[in-house]
Amino acid sequence: MRMMLPLAAVVGSLMLALTSCSGSSTTAVLPASSEETVQMTADYPSYGSPLKAAAISDLVVVGVPVKSWDDVIYPDRVDSDDPVKYPQAGFSEEETDEFIADSGVPITVTEFEVTEVLSGDAKVGDKILVDQFGGTSSGVAYETENASNMRNFSASKLRSEKTRIMLSLSESHGGHRELVNPEEGLNFVSSSGEIGTVDGESTGKTTESFKKALNQENG
């Protein structure tokens, strides 16, 4: 099983694309009152397919987002002299405090209700917390490139459309999980159980066949 770093551990090295624009929001993530949008880019491992991403995941579940809210995470305080891995390496305690306070990154936390378990330790009816980069802080909206924020998909709408979401998640950190990849780790499941990507392409598998293939991958 590949160990995935929690979001808070990689904030210090997160690359922010300082692409700002004035005006109204362009996605449902942003409140109408936002005056600025900032595009963020996070460097995630790519696995080549939803199945490959699921195979290295600690938990693969299907369900619906119940509710989402904004939060901010900060870099971990570390004792290291490697500035490549940790920008705060070599800082004084005061400089480290200032660096951490100035390096908060907005995230969205989503409570996700499990309706089907494909892999991992969970059961139907569980509600898990999933962190995603991007959110709103101090009137500024932060969007993550090439990622679908679950706050854009209400449980009532998904249920009315008989659609669910499949998540491939890393191990739990502080009671929260995160996608192993923001694109490959989030897919849609139709009423017939067919799995499609966020780009609308079919994976050619249903949840049943996906689970069998996943068991073979992990065999």
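Here the simple spin-label model places points 7 Å from the Cα toward Cβ, and for Ser191 and Glu208 these points are separated by 1.8 nm. Here's the list of lysines a cross-link from Lys67 could span, going by alpha-carbon distance under 24 Å and ignoring same-chain residues fewer than 8 apart: Lys123, Lys127, Lys157, Lys162. Modelled this way, with points 7 Å down the Cα-to-C-beta line, the labels at Val124 and Val72 are 4.2 nm from one another.
The label-point distance for Glu36 and Asn215, in a model that sets each label 7 Å from Cα toward Cβ, rounds to 5.3 nm. Taking other residues whose beta carbon is less than 10 angstrom from the beta carbon of Ser172, and scoring Lys, Arg as +1 and Asp, Glu as -1, yields -3.
Here the contact order of segment 102-191, divided by its residue count and restricted to Cα pairs under 8 Å and six or more residues apart, works out to 25 percent. Accessible area of segment 33-177 with a 1.4 Å probe: how many percent of it is carbon plus sulfur? The C+S portion of the solvent-accessible surface of segment 33-177 is 44 percent. Distance from the alpha carbon centroid of segment 149-175 to that of segment 65-103 works out to 28 angstrom.
The values are calculated or read from the model by the stated rules, or taken from the named source; none is laboratory data. These numbers were taken from a predicted model, which means no experiment stands behind them. In this analysis, Cβ positions are derived from the backbone assuming ideal geometry, glycine residues included, and neighbour counts consider all displayed protein chains. With ligands, DNA and RNA removed, areas are computed over all heavy atoms of the protein, side chains included. Shrake-Rupley method; radii C 1.70, N 1.55, O 1.52, S 1.80 Å.
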